[in-house]
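The values are calculated or read from the model by the stated rules, or taken from the named source; none is laboratory data. Note that the coordinates shown come from a computational prediction; the quantities given were computed from them, not determined experimentally. Reconstructed Cβ throughout: ideal geometry from the backbone, glycine too, with neighbour counts over all protein chains shown.
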């Protein structure tokens, strides 16, 4: 069990890290967390609680993941930097899908309305994520730490 001093030190370190990221980034990240929490959370949890059809395994996994993801985004409203990996995940999975799935469909003339329904919000979200993510913080606290060997 952590002592009171260890807990206080952890809280102090968190507030120091937050001060190193501008308020613009913190507020912008909170807005993305809130928007995702409300929109994706509502649609996925509504479908899980009252499904419109019986799902196969892939649909079940997809909805379960999105519901958990949206719920965790709610924590980002309070802890924007601690939940930053969720924004990175969002950026990467949407980029991978747009490049690896949607682009080949589009270039072969097979992009259907369902895929297009995913692609449009993804193409809006990707540049927003690129703007909202504090890249200096990411490089300093994630990338640089990757190459620090002890």
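Observations
- Residues of the stretch 1-50 satisfying the condition of being in a loop (DSSP other than H, G, I, E, B) and either surrounded by fewer than 10 Cβ atoms within 10 Å (Cβ to Cβ) or modelled with pLDDT under 90 (or both): 1, 2, 3, 20, 50
- Scanning the stretch 72-92 for residues that are in a helix (DSSP H, G or I) and surrounded by 15 or more Cβ atoms within 10 Å (Cβ to Cβ) returns 72, 73, 74, 76, 77, 84, 86, 87, 90, 91.
- Filter pass, residue 62 being out of contact with any strand residue (DSSP E or B) (no Cβ under 8 Å at 6 or more places or on another chain), surrounded by 13 or more Cβ atoms within 10 Å (Cβ to Cβ), closer than 21 Å to residue 90 by Cα and modelled with pLDDT under 95: yes
- The requirement of being within 17 Å of the chain's Cα centre (by Cα), in contact (Cβ under 8 Å) with a residue 24 or more places away in the chain and either surrounded by 11 or more Cβ atoms within 10 Å (Cβ to Cβ) or part of a helix (DSSP H, G or I) (or both) is satisfied by residue 125.
- Of the residues making up the stretch 107-122, those that are in a helix (DSSP H, G or I) and within 25 Å of residue 39 (Cβ to Cβ) number 10.
- Meets criteria (assigned to a helix (DSSP H, G or I), over 14 Å from the mean Cα position of the chain (by Cα) and touching a residue at least 60 places away in the same chain (Cβ under 8 Å)) for residue 137: yes
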